[in-house]
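First the structure, in the form of structure tokens, and then the observations on it.
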Amino acid sequence: KYTNRKQILRLALIRFATHFMQLEEVVRQKQALRDMFNLK
């Protein structure tokens, strides 16, 4: 109502971008993560 939804939309985009970057990093580190959890 007061911000014409601009601030809410910006926060949603920032949240999406942050999650996307975290997921991208997990994918890049996939083999290292597997090795870490497969240590015996």
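Take the Cα of Leu11, step 7 Å toward its Cβ, do the same at Arg28, and the gap between the two points is 2.9 nm. Computed from backbone phi, the HN-Hα couplings of the range 15-20 come to 4, 4, 4, 5, 5, 5 Hz, rounded to whole numbers (Karplus: 6.51 cos²θ - 1.76 cosθ + 1.60, θ = phi - 60°; Gly and Pro given as x).
Values in this text are rule-based calculations from the coordinates and carry no lab data. Small disclaimer: the values here were computed from a predicted structure and weren't measured. Ideal geometry is used to build each Cβ from the backbone, glycine not excepted, and the neighbour counts take in all protein chains shown.
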